[in-house]
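Novice: Pasting in a structure now, in structure tokens, and then I'll have a few things to ask.
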């Protein structure tokens, strides 16, 4: 059990200390929940912080049940449960429109950090189905990262097992036998707002030169 996302990030940073001050490493947050632990890792290890925008495709009539995930360039489906092609196409287009609107809001006037040749530490606040994370891994691979490290506080064991062979390393603090929802493993698990993501990205500490 974690007190909150900030504590989870501090604990993860201890497991990632080998990357401290590594000029070839980048912390990549999956917003919105992943931005807070990623920020703690970024600050503790003196690494740049970036985000990747991916949206969950929810099932018809139950948006919380993920049947896939979508980015600007790609999408992944884990199930077509009661979802016809028309529904999927509509959702993919709707979610991509949302990503196109959010990206300039989060980035402001700066350019996104290039990931090619980098050690990319992907951070989220937890992994349930692993659908979103799988798509993020595919995106980072396409951007020709040198290494991909997944760092999460808690994950479902089956999702983690599916992901492990796709990346360089996985660091996960807890893999409960009976996993139901990420929020179960936090004392405080409040929704992270877009404004919080933007504030963290704008207030990123300047890296200390080594």
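Novice: Looking at the structure I just gave you, is residue 140 outside any helix (DSSP H, G or I), in contact (Cβ under 8 Å) with a residue 12 or more places away in the chain and in contact with a strand residue (DSSP E or B) (Cβ under 7 Å, 6 or more places away or on another chain)?
Specialist: So residue 140 does not fit the description; no.
Novice: Can you tell me which condition residue 129 does not meet? The list is (1) surrounded by fewer than 23 Cβ atoms within 10 Å (Cβ to Cβ); (2) at pLDDT 95 or above; (3) not in a strand (DSSP E or B), and all the others hold.
Specialist: All conditions are met except number (2).
Novice: Here are the criteria: (1) closer than 20 Å to residue 16 by Cα; (2) surrounded by fewer than 22 Cβ atoms within 10 Å (Cβ to Cβ). Tell me which single one residue 122 does not satisfy.
Specialist: Of everything listed in (1) closer than 20 Å to residue 16 by Cα; (2) surrounded by fewer than 22 Cβ atoms within 10 Å (Cβ to Cβ), residue 122 misses just condition (2).
Novice: Of the conditions (1) closer than 22 Å to residue 78 by Cβ; (2) surrounded by fewer than 17 Cβ atoms within 10 Å (Cβ to Cβ); (3) over 17 Å from the mean Cα position of the chain (by Cα), residue 181 clears all except one; give me its number.
Specialist: (3)
The values are calculated or read from the model by the stated rules, or taken from the named source; none is laboratory data. These figures come from a predicted structure and were not determined experimentally. Quick reminder, even Gly has a Cβ in these numbers, built from the backbone with ideal geometry, and neighbours come from all protein chains shown.
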